[in-house]
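Note sheet for the following structure.
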Amino acid sequence: MSQHVVLEQKSEYRQRFAVLVLSLLAIYAVILAISILLFRKNAKENEKIMMQYRVAELANEAKTNFMSNMSHDIRTPLNAIVGLADICEMNADNPARVKECIEKQRAASEHLLTLINDVLEMSRIESGKVTFDNKTFHIGDQIHSIISMLQKKMEEKNIKCSVSVTNLQHENLIGDVQRINRVLLNVI
């Protein structure tokens, strides 16, 4: 074999080797690019999953807080009803006092029923289907009703409360009475 043939074959092998190396580098670059894209896609999916997890955690926390607050809110009118029943029992011979206690019990019972309905309404809140009542009511009566409901608890805690609802420019209002009562109760 001549030296010229050997050099040509050597050159041909070098070219084939270079093509092979370049091909392998190209394949490696493509695999690397695909890996980076998949990594980024997985990172975005993981971020999305973590965000959904955090949203679920916050929703669960909100429900827990809601139930905790609601159970506290339910105890207030329930204590009023029980306290007023005791007062009725002690004043069985005083029809006027019994009648007054029954009226206060009715107001506390209505408030308790509203709170229970609010718990049941939780699914409507979550789905965005909350509705408000538009009824005419007398704001003074609502304030006195709430004060009456809390009277027993205030007496137990030695809290004195005096409310005077006079000379209101607008005594009759239109709105959701139970939600207004709830706000007033929370404020008081």
Quiz item: Looking only at the range 107-157, which residues are part of a loop (DSSP other than H, G, I, E, B) and touching a helix residue (DSSP H, G or I) at 6+ places or on another chain (Cβ under 9 Å)?
Solution: Lys129, Val130, Thr131, Phe132, Asp133
Exercise. Can you confirm whether the range 54-72 contains a residue that is under 16 Å from the mean Cα position of the chain (by Cα), over 24 Å from Leu120 (Cβ atoms), modelled with pLDDT of 90 or more and open to solvent by 90 Å² or more (accessible area, probe 1.4 Å)?
Key: yes
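The rows are residues; the columns are (1) among the polar types (S, T, N, Q); (2) closer than 26 Å to Met67 by Cβ.
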residue	(1), (2)
Val119	no, yes
Ser127	yes, yes
Phe132	no, yes
Glu155	no, no
Ile174	no, no
Exercise. Scan the range 1-48 for residues that are closer than 30 Å to Glu126 by Cβ and open to solvent by 100 Å² or more (accessible area, probe 1.4 Å) and jot them down.
Key: Lys44, Glu47, Lys48
Exercise. Any chance you could count how many residues in the range 135-165 are open to solvent by 40 Å² or more (accessible area, probe 1.4 Å) and of a type in the set (Phe, Trp, Tyr)?
Key: 0
Quiz prompt | Residue check for Asp93: outside any helix (DSSP H, G or I), among the acidic types (Asp, Glu) and open to solvent by 60 Å² or more (accessible area, probe 1.4 Å) | solution = yes
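The values are calculated or read from the model by the stated rules, or taken from the named source; none is laboratory data. Everything numeric in this text was worked out from a predicted model, so none of it was measured. Counting neighbours? That spans all protein chains shown, and the Cβs are built from the backbone with ideal geometry, glycine included. For accessibility, only protein heavy atoms count, side chains too; no ligands or nucleic acids. Shrake-Rupley method; radii C 1.70, N 1.55, O 1.52, S 1.80 Å.
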